[in-house]
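The values are calculated or read from the model by the stated rules, or taken from the named source; none is laboratory data. Values in this document were obtained by computation on a predicted structure and should not be read as measured data. Please note: Cβ atoms are built from the backbone with ideal geometry, for glycine as well, and neighbour counts cover all protein chains shown. Heavy atoms of the whole protein, side chains included, go into the accessibility calculation; ligands, DNA and RNA do not. Shrake-Rupley method; radii C 1.70, N 1.55, O 1.52, S 1.80 Å.
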Amino acid sequence: MKKTLLFSFLLFGGVCYVSAQSKLDLMSRARLRTERLIQSGTIKDSTSVRRLRTMKVQAGVPENCTLGFVKLAAGASTDELTAEGAIVLNRRGDIAIVQMPTAGVERLSQLKSVRTMQLSRPVSLKMDKARTASGVTKAHDGLDLTQAYTGRGVIAGIVDGGMDPNHINFKNADGTSRVKYLGHLRLNNSHTQMLETRYTAETVGGFTTDDNTTFHGAHTMGIMAGSYRGDVTAATLDGNKVTIADIPCPYYGVATGADIAASCGTLMDAFIAQGVDDILDYAYKNNQRAVINLSLGSNVGPHDGTDVLHQYIDAVVKQDNAIICVSAGNEGDIPIALHGTFSPERQEIKTFIRPYVYSDVRYGNLAVYSNDATEFEIQAVIFNKSRGRISFRMPVGTSTDGVAQYWVSSADYQHDASDQISASFANAFDGYVGIGSMYDENTGRYYAMIDYYTVDSDKNEDGNYILGFVVTGKDGQRIDCFCDGAFTAFDNYGYEDWDNGMFDGSISDMACGKNILTVGSYNTRDEYASLDGGIYSYQGMFSPGRISDFTSYGTLLDGRSLPHVCAPGATIVSSSNTYYVTNAENGITNAHLQAKTENGGRTDYWQQMIGTSMATPYVTGSIALWLEADPTLTIDDVKDIVATTAVKDEDVTTSGTPVQWGAGKFDAYAGLKEVIRRKDNTAIKETTADSRLMVKAKGGRLFEVFLGGAKTMDVTFYTLSGATAMKRTAAGDEIVVDASGLAKGVYVMSVNGRYTQRIVIQ
C-alpha cells in the first residue's frame, strides 16, 4: 500500500513571495518567513538570534524541508503536485500529506488542484499504583470475569519520540519482540528529504532509538503495553524507609498481552498523520483491531476540531474504525487562552503577551478567532508601564486577505520591502511583530494571527515596555484567543482595564477532534524513592487522588468540554530509553532512576514522569483490553462507556473544575465489565466458528463462504452499529459473496444466524 520514501527534491529557483491570492494560511506564512530569515543569513549572529535558534530547536522547527496538508480542489488528483516536484506521502479523501522544498511552497500553493495548503506544525511531547487505582489489576486477574484480559490479539499503537523498542519491557518471555511493527519517519541530516525505515519483530533488534535526548516514547509505550515482570533492582519506599533490592518488576503496563505497533521520529503533525496511517495499515493487513496513543499536542489552531489534521483523523476513524486517544495537554495552570463577547459595555478585548520561559523574550504565535465569518479589527501595541498608556500601535484594520504586515527593529529582521523598520519599535524591542487576518474556509471562521519574536532592547533593560494586542468587533460577536504556549502566556500585568489570561481554553488543539478520546490527568503518587537511596517529593503538588493542576481543559465554541476523562498521570514510573540514560549530555544519575535490570548485555531502566502524556497511554492500553473482549467497539461506544463508568468521588467534586475532570476518574475494570455486558446483550454476537465454517478471500471484494453440511446458506453483513448492510442466500453449503456494494469499513458477517466473523472491506 505504501512505499519507502527515499526521493530527492526538484528544487525551484528563486523565491516567489506571497500574494493576496495565496492559498496558504497565516500560520504557514509566518513559519515560511521565519525560516527564510534564518536560512538567508540576513539576520546577524547576535545574542538574540542565537536565542531564537535555541528556541526553534526546543520548539522542533525544521529548516529546509517543508511538510504540509493539501486540501485538493473538487475532483482533483495529486498528479499536478507530483509533476511539480512535490512528494505525496499519503492521501485520505481530498486531503493529502505532501513533502516539498521551502523555496517552492508558494508556487505549489497556486496550483489549480490545490484548494488550500497548511504547512505542518511542530508538536510537543505532552505504574504500579496507577494499575490499582482504576482496576487494571482486576482485569489482568480476571476477577469476577470468565477470563483474564491483557489485550491479546489487539494492536496497541503509538506515535511518539524517544523510543527504545528493545527494552525488556517490550519482549516476550522467550526474548522475542512484542513490537511487531516500527516505522521511523524523519528528516535527513540536511533537512531536505523525508526518510522512512520500517522494522518488523525480526529486524527491530537493529534499531537503537530515534532520539537519545528524551525517554518520552519508551515511557508512554511502557505504560500502554509494557509487560516485563521479571526481577529488577528497584528502590521502594515504605514510610520514610528506602529499600533497594531485587524484586519482581512492579512497573509493567496495561495491555501486557497486546501486539505493539509504533511510529517515531520527527514530531510534526504530518509525520504523525503518516504514522497513524502506517499503524492502521499494519493492523488491516493482519486483520486486527488497533487502538492508537498520541501523547502529543500543540496549542496552535482553532480549538474546534475543524482544521485539516482533524479532518484527516476523522477520515481515518470513519474508514478504518480507528480508536485514537489524545492527551489533553499540560498547560492547565498557564493562562494561554482568552475568550470574550463584545457588548455595549465591552468594546475591546485586550491583553499583554508575557514571557514565562526567558524573562525578556517573547517568541511564538497567537491566533484570534471570531465565532463565525464576522470580521474584527486587531492591533498589536507597545505599552509604557511607567506612564500607564500605549506608546506605539501596529494596526491592520479588518481583513488583510492573509498577507501579514510586519514591524521590525532593523534591516536584520526585514524579509522584504513591505516590512516597516520602526524606530519606536526598536526603542522597546529587538526583533519583529507581524499581524495578518483572513477567512478560514476549513473552520468557517474569520481569524487573525500575531507572529512575534522580541527581546528587550538596551533602552528597555528595566522591562518598562511590554507587548500586547487590542481587538474590537461587533456587539454579540465572540472572540477566542489562543497563545501557542511555548514561551509566552496572556497577562494583564495588574491593569484592571486589561484582560487576564484564562486557563479554560488551555486544551491542546490536537485534543479537540470530534472523533477521538481526550484524556486528562489525576494524581496517584507525590513522592518516590530512587536508586541513590534518596526520597524525592513534589512537595504536595500531586496529592494522590486529586486533579493534576497542569491538566489542560477547555469549553469549546460548539459547547463540547474536554477532556472526556482523567486517568493516572502523576507520578508514573515506567520504562525509560536506555540511550537517553547513557547519553552523558543528559546528566542522568541514580537519583533519576527507580529501577534497572540487565538484559542481554545491556541495562534497562525505569524512571518517573508526570503529565497527561502518562495518563493517555493508561487509557489506550485499557481500551486494548476492551477490544479483546469486543473487537467491534467503535469510538462512539468507547466514549459512552468511559462516561458511563467513570468514578465521581470526593476528589472529583472538591479538586479542579468540572470541565477539567470531564466524566471523572477513568475506571478500566468497570468499563471492561460494561463492554462485556453490552456485547452479551446485543443481537450481533461474534462467536468462534467450528471447523465446518471457512471464509476465504478470493480477491477484490469476493468472499467464498463454506459451512460443511449446511442445507442452505444465509449470509448477512451487519455494520458495527447493528444495521443490516447486505444479505445473500443460496442452497447448499457454499456461497460466493460479492461485497463490492459495501462501503469501506469493518463488518460482522453472520452465517445462518449462528456463526459470525469480522470482515474488513478495504
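Just one of the listed residues (Val308, Val276) is within 14 Å of the chain's Cα centre (by Cα) and modelled with pLDDT of 90 or more, namely Val276. Against the conditions (1) open to solvent by less than 50 Å² (accessible area, probe 1.4 Å); (2) in a helix (DSSP H, G or I); (3) aromatic (Phe, Trp, Tyr), Tyr579 satisfies every one except (1). When each of Pro568, Pro544, Pro563 is tested for being surrounded by fewer than 17 Cβ atoms within 10 Å (Cβ to Cβ) and not hydroxyl-bearing (Ser, Thr, Tyr), the lone residue that passes is Pro544.
A quick yes/no check of all residues on (1) open to solvent by 30 Å² or more (accessible area, probe 1.4 Å); (2) acidic (Asp, Glu); (3) at pLDDT 95 or above; (4) touching a helix residue (DSSP H, G or I) at 6+ places or on another chain (Cβ under 6 Å):
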{"position": "Asp412", "(1), (2), (3), (4)": "yes, yes, no, no"}
{"position": "Phe425", "(1), (2), (3), (4)": "no, no, yes, no"}
{"position": "Asp451", "(1), (2), (3), (4)": "no, yes, no, yes"}
{"position": "Glu461", "(1), (2), (3), (4)": "yes, yes, no, no"}
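Go through (1) of a type in the set (D, E, K, R); (2) within 22 Å of Arg91 (Cβ to Cβ); (3) open to solvent by 10 Å² or more (accessible area, probe 1.4 Å) one by one and return the number of the condition Asp259 breaks. Single failed check for Asp259: (2).
Cβ-Cβ contacts under 6 Å between residues 6 or more apart (or on different chains), taken from a first residue in segment 284-301 that is under 17 Å from Trp626 (Cα atoms) and at pLDDT 90 or above to a second residue that is assigned to a strand (DSSP E or B) and open to solvent by less than 10 Å² (accessible area, probe 1.4 Å), are listed as Gln288/Ile155; Ala290/Ile155; Ala290/Gly157; Val291/Ile323; Ile292/Gly157; Ile292/Ile324; Asn293/Ile158; Asn293/Cys325.
When the criteria are applied in full, Thr756 meets the requirement of being surrounded by 15 or more Cβ atoms within 10 Å (Cβ to Cβ) and not acidic (Asp, Glu). For segment 375-402, which residues satisfy the criterion of being in contact with a helix residue (DSSP H, G or I) (Cβ under 7 Å, 6 or more places away or on another chain) and either at pLDDT below 95 or within 17 Å of Asn492 (Cα to Cα) (or both)? Of everything in segment 375-402, those that are in contact with a helix residue (DSSP H, G or I) (Cβ under 7 Å, 6 or more places away or on another chain) and either at pLDDT below 95 or within 17 Å of Asn492 (Cα to Cα) (or both) turn out to be Ile382, Gly402. Does Ser521 qualify as being in a strand (DSSP E or B) and open to solvent by less than 30 Å² (accessible area, probe 1.4 Å)? So Ser521 passes the test. Scanning segment 603-632 for residues that are surrounded by fewer than 24 Cβ atoms within 10 Å (Cβ to Cβ), among the aliphatic types (A, V, I, L, M) and out of contact with any helix residue (DSSP H, G or I) (no Cβ under 6 Å at 6 or more places or on another chain) returns a single hit, Ile610. The set of residues in segment 697-753 that are under 19 Å from Tyr284 (Cα atoms), of a type in the set (A, V, I, L, M, F, W, C) and open to solvent by 70 Å² or more (accessible area, probe 1.4 Å) contains only Ala697. You will find that of Lys639, Lys648, the residue that is under 14 Å from Cys325 (Cβ atoms), open to solvent by 10 Å² or more (accessible area, probe 1.4 Å) and basic (Lys, Arg) is Lys639 and no other.
Every test in (1) out of contact with any Ser or Thr (no Cβ under 7 Å at 6 or more places or on another chain); (2) open to solvent by less than 10 Å² (accessible area, probe 1.4 Å); (3) of a type in the set (D, E, K, R) is passed by Asp278 save one, and that test is (1).
Residue count for segment 471-497 under the criterion of being closer than 13 Å to His339 by Cα, open to solvent by 10 Å² or more (accessible area, probe 1.4 Å) and of a type in the set (A, V, I, L, M, F, W, C): the result is 1.
Kindly indicate whether Gly431 is surrounded by 20 or more Cβ atoms within 10 Å (Cβ to Cβ), farther than 26 Å from Gly340 by Cα and touching a Ser or Thr at 6+ places or on another chain (Cβ under 6 Å). Against the criterion (surrounded by 20 or more Cβ atoms within 10 Å (Cβ to Cβ), farther than 26 Å from Gly340 by Cα and touching a Ser or Thr at 6+ places or on another chain (Cβ under 6 Å)), Gly431 qualifies.
Of note, Gln539 does not satisfy the criterion of being crowded, with 17+ Cβ neighbours inside 10 Å, farther than 30 Å from Asp412 by Cα, of a type in the set (S, T, N, Q) and over 25 Å from the mean Cα position of the chain (by Cα). Counting only strands (runs of 3 or more DSSP E) wholly contained in segment 313-394, the ones carrying 2 or more residues that are within 21 Å of the chain's Cα centre (by Cα) occupy 323-327, 361-370. Contact annotation: residue pairs with Cβ atoms under 7 Å, 6 or more positions apart or on different chains, pairing a residue in segment 688-711 that is within 14 Å of Gln762 (Cβ to Cβ) and at pLDDT 85 or above with a partner that is open to solvent by less than 60 Å² (accessible area, probe 1.4 Å) and assigned to a loop (DSSP other than H, G, I, E, B), are Arg701/Ala739; Phe703/Ala739. Taken over segment 364-414, the residue count meeting the criterion of being of a type in the set (Phe, Trp, Tyr), out of contact with any Asp or Glu (no Cβ under 7 Å at 6 or more places or on another chain) and more than 17 Å from Asn460 (Cβ to Cβ) is 1. Within segment 401-410, the residues that satisfy the criterion of being within 21 Å of Gly468 (Cα to Cα) and either open to solvent by 40 Å² or more (accessible area, probe 1.4 Å) or part of a strand (DSSP E or B) (or both) are Val403, Gln405, Tyr406, Trp407, Val408.
Here is a yes/no grid of residues against (1) of a type outside the set (Gly, Ala, Ser); (2) over 23 Å from Trp407 (Cα atoms); (3) part of a loop (DSSP other than H, G, I, E, B):
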{"position": "Tyr446", "(1), (2), (3)": "yes, no, no"}
{"position": "Tyr452", "(1), (2), (3)": "yes, no, no"}
{"position": "Gly463", "(1), (2), (3)": "no, no, yes"}
{"position": "Val470", "(1), (2), (3)": "yes, no, no"}
{"position": "Lys474", "(1), (2), (3)": "yes, yes, yes"}
{"position": "Cys481", "(1), (2), (3)": "yes, no, no"}
